[in-house]
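For reference, the structure is listed below as structure tokens.
The values are calculated or read from the model by the stated rules, or taken from the named source; none is laboratory data. Keep in mind that what you see is a predicted model, and the values were worked out from it rather than measured. So basically every Cβ, Gly included, is an ideal-geometry build from the backbone, and we count neighbours across all protein chains shown. These area figures cover heavy atoms from the full protein model, side chains too; ligands, DNA and RNA do not enter into them. Shrake-Rupley method; radii C 1.70, N 1.55, O 1.52, S 1.80 Å.
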Amino acid sequence: MRRGSFFALVSVLALPALVLFAAPEVKRPEIRPTVPTADRSAGNRVFLEHANLLRKAETDSFMVLVGDVMFTKGPMIMRCDSAHYFAETESMDAFGNVSMEQGDTLFVYADELNFDGITEIATLYADPGKKVQLINRDVMLETDVFVYDLGIDLGYYEVGGTLTDPSNTLTSLKGEYVPSTKEANFYVDVHLNSRNSTDTLNIFSDTLYYNTNTHIAELLSPSTVINARGTIYTSYGIYDTDSNRSTLYNRSTIVTNGGQTLTGDTIFYDRGTGIGEAFGKVEAADSAHKAAIFGDYGYYNEFADSTFVTGHAEMRHYGDPDTLYLHARYMQSFRHIDSTLIAADTVAGTPEWTRFDTTHIAVAYPRVRFYRRDMQGICDSMRFTEADTMLRMFVSPIVWSEDRQIFGNIIELHLNDSTIDTATLPDQGFTAQHIEGDHYNQLSGKKMIATFEDGQMRRLDIDGNVEIIMYPEEADSTINKMVNAQSSFLLAMFKGQTTELIKMWPETTGAATPLFLAKKSNFFLPKFKWFEGMRPTDRFDIFTIPQAMEELMRTAQRPTPQQPAQAAQRASKAKALKKD
């Protein structure tokens with residue numbers, strides 16, 4: 001005989017009367033029991049309220065109740081077709097159309113019930129092809145075998161079950177449910193699926209806490225959350241299935257369908273707005289662009305396709321053949337839309353229309369430092385535009401490649417698969433190459449365009465105010481003279497460390513001086529500076545800001561003589577507007 005437990009069942013306070021009526025008699029083997037009057041609120045006892053027939057043999061330890069059987073235990077009512085009742089322990093086995101109800105909120109339906117009056121544990125069974133059903137207002141739990149501990153108000157199953165509420169359906173191999181608090185715990189092969197026809201939310205886990213009142217799920221083991229726009233991976237998180245807001249811990253990851261990922265020790269994510277905030281060892285990666293940004297804090301807007309990272313911030317671009325490592329205090333990427341008005345074509349009859357061009361922009365500021373094996377650089381701010389693959393460096397930008405250094409007011413680097421093919425200095429440019437000792441090849445001009453091949457400078461074009469100091473090699477690779485010249489235009493060709501060609505026009509002035517006659521004061525052009533001490537030496541050195549670099553950036557950002565007057569004018573205008 002199966003034994004179990006149930007919510008709140010039976011005890012018979014008027015037990016002696018029942019036994020008296022049930023005493024075996026040859027002439028009266030069956031009797032119709034009468035229900036004695038008793039205080040139903042006295043204790044948590046089981047009362048037999050109704051039965052059509054009662055049988056009791058002297059050799060039996062239980063009574064047999066048949067027909068419209070009803071028991072009460074506190075506010076709980078149990079009904080069945082027949083029952084075996086053990087009066088001494090207030091236990092029972094109930095059969096056929098078993099139901100339990102408490103007020104108008106809690107109902108349980110089964111085919112068989114075993115109740116242990118000592119432990120107050122009830123076990124409910126369903127016949128093959130049917131399910132035990134627990135209904136708690138708008139919540140339904142279905143399983144083959146349901147166990148309920150009345151003492152602690154906890155029901156559970158271990159043979160697979162399904163819980164359904166207006167928002168979600170949850171299935172698992174094992175589960176627990178507390179009707180009074182509407183709290184549920186699910187274990188092993190847990191699956192939460194949204195019942196919203198416009199939603200595709202699916203949560204898979206092995207340990208999940210859920211509240212059927214708030215519809216909030218707490219994920220307590222490695223879990224996967226899948227929706228139409230992406231996937232969440234977490235080992236501990238809280239997910240509000242109504243608002244689609246989540247708080248994720250223990251190094252969780254959000255992956256969008258576009259290939260972007262956001263990883264952090266703690267993440268707050270609002271699926272409705274597409275906004276996520278991450279804290280601690282943040283990583284925002286974009287597989288489509290072969291890039292990743294790292295930091296201590298990150299902000300991501302999925303709909304605006306924008307990312308912001310700060311705190312030990314680092315960007316990595318996984319190019320071929322090398323990776324570029326870049327650091328700044330703040331890094332940001334976002335989608336930018338340009339509109340172009342297309343004039344009407346009166347001949348063809350085409351109406352006026354607007355074309356929208358979308359591109360991605362990434363900015364880094366301030367105190368930018370980057371390192372790649374074949375190239376290093378510094379500046380105070382940097383801007384990369386995807387449309388033209390142009391990296392623009394502002395405020396004292398400097399770029400090194402092997403023993404060459406380029407600097408100017410602005411440097412524009414054109415990238416081809418993360419490899420520089422041209423460097424343009426539109427507003428004053430200076431390039432220097434260390435030869436030996438105090439000797440440097442130097443080129444200066446108003447505008448400078450350098451072309452690179454395989455990471456090395458191949459060609460240099462200078463437009464306006466050309467000045468050079470060169471140390472040409474002799475046939476035996478020695479240098480014994482210095483060339484100093486000035487012109488309007490220059491074309492130089494290089495091969496490795498060797499200068500193959502220098503062409504200057506239309507007019508050139510200058511001289512070639514033997515080294516033993518050259519004065520050291522003439523070794524350098526007026527704008528010459530060598531910034532080797534600021535150069536990043538490896539991927540980790542990008543996080544170290546030398547004092548010399550700090551001073552260089554501060555000096556470059558100081559106001560020019562015209563700026564204070566302009567600032568004063570703006571301040572005066574703002575004051576006047578405020579007064580009005």
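The table that follows gives values for the structure above.
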{"item": "Qualifying position, being part of a strand (DSSP E or B) and either over 24 Å from THR162 (Cβ atoms) or touching a Cys at 6+ places or on another chain (Cβ under 6 Å) (or both), among THR59, THR72", "result": "THR72"}
{"item": "Conditions (1) part of a loop (DSSP other than H, G, I, E, B); (2) in contact with a helix residue (DSSP H, G or I) (Cβ under 9 Å, 6 or more places away or on another chain): number failed by TRP400", "result": "(1)"}
{"item": "Some residue of segment 237-252 being within 28 Å of TYR325 (Cα to Cα) and surrounded by fewer than 16 Cβ atoms within 10 Å (Cβ to Cβ)", "result": "yes"}
{"item": "Number of positions in segment 306-322 that are crowded, with 16+ Cβ neighbours inside 10 Å and either β-branched (Val, Ile, Thr) or not in a strand (DSSP E or B) (or both)", "result": "6"}
{"item": "Near pairs, Cβ below 6 angstrom, 6+ apart or cross-chain, from segment 258-286 (over 14 Å from THR231 (Cα atoms) and touching a residue at least 24 places away in the same chain (Cβ under 8 Å)) to any residue that is aliphatic (A, V, I, L, M) and open to solvent by 20 Å² or more (accessible area, probe 1.4 Å)", "result": "ALA284/ILE293"}
{"item": "Any hit, segment 270-283, residues being buried (at least 19 other Cβ atoms within 10 Å of the Cβ) and under 25 Å from THR419 (Cα atoms)", "result": "yes"}
{"item": "Scan of segment 140-173 for residues that are assigned to a loop (DSSP other than H, G, I, E, B) and touching a residue at least 24 places away in the same chain (Cβ under 8 Å), ordered by number", "result": "LEU150, GLY151, ASP153, ASP165, PRO166, SER167"}
{"item": "Candidates ASP81, ASP93 - the one that is outside any loop (DSSP other than H, G, I, E, B), open to solvent by 50 Å² or more (accessible area, probe 1.4 Å) and at pLDDT 85 or above", "result": "ASP81"}
{"item": "Residue that is nearest to the chain's Cα centre (by Cα) [pool: residues in segment 278-332 that are of a type in the set (D, E, K, R) and over 30 Å from GLY455 (Cα atoms)]", "result": "GLU302"}
{"item": "All positions within segment 246-267 that are over 8 Å from the mean Cα position of the chain (by Cα) and on the phi < 0 side of the Ramachandran plot", "result": "SER246, THR247, LEU248, TYR249, THR256, ASN257, GLY258, GLN260, ASP265, THR266"}
{"item": "Close pairs (6 angstrom Cβ cut-off, 6 or more residues apart or separate chains): over 12 Å from ILE203 (Cβ atoms) and outside any loop (DSSP other than H, G, I, E, B) in segment 227-256, open to solvent by less than 40 Å² (accessible area, probe 1.4 Å) and of a type in the set (D, E, K, R) anywhere", "result": "ARG245/ASP270"}
{"item": "Odd one out for PHE303 among (1) in contact with a Ser or Thr (Cβ under 7 Å, 6 or more places away or on another chain); (2) in a loop (DSSP other than H, G, I, E, B); (3) of a type outside the set (Lys, Arg)", "result": "(1)"}
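Each row is one residue, and each column tells you yes or no for (1) surrounded by fewer than 19 Cβ atoms within 10 Å (Cβ to Cβ); (2) without any contact (Cβ under 8 Å) to a residue 60 or more places away in the chain; (3) within 30 Å of GLU88 (Cβ to Cβ); (4) small (Gly, Ala, Ser).
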{"site": "GLU112", "(1), (2), (3), (4)": "no, no, yes, no"}
{"site": "ILE118", "(1), (2), (3), (4)": "yes, yes, yes, no"}
{"site": "LEU124", "(1), (2), (3), (4)": "no, no, yes, no"}
{"site": "SER221", "(1), (2), (3), (4)": "yes, yes, no, yes"}
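Residue by residue, here is whether (1) open to solvent by less than 40 Å² (accessible area, probe 1.4 Å); (2) within 26 Å of GLU101 (Cα to Cα); (3) modelled with pLDDT under 95 holds:
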| residue | (1), (2), (3) |
| --- | --- |
| SER180 | no, yes, yes |
| ALA184 | yes, yes, no |
| VAL190 | yes, no, no |
| ARG195 | no, no, yes |
| PHE204 | no, no, no |
| LEU208 | yes, no, no |
| HIS215 | yes, yes, no |
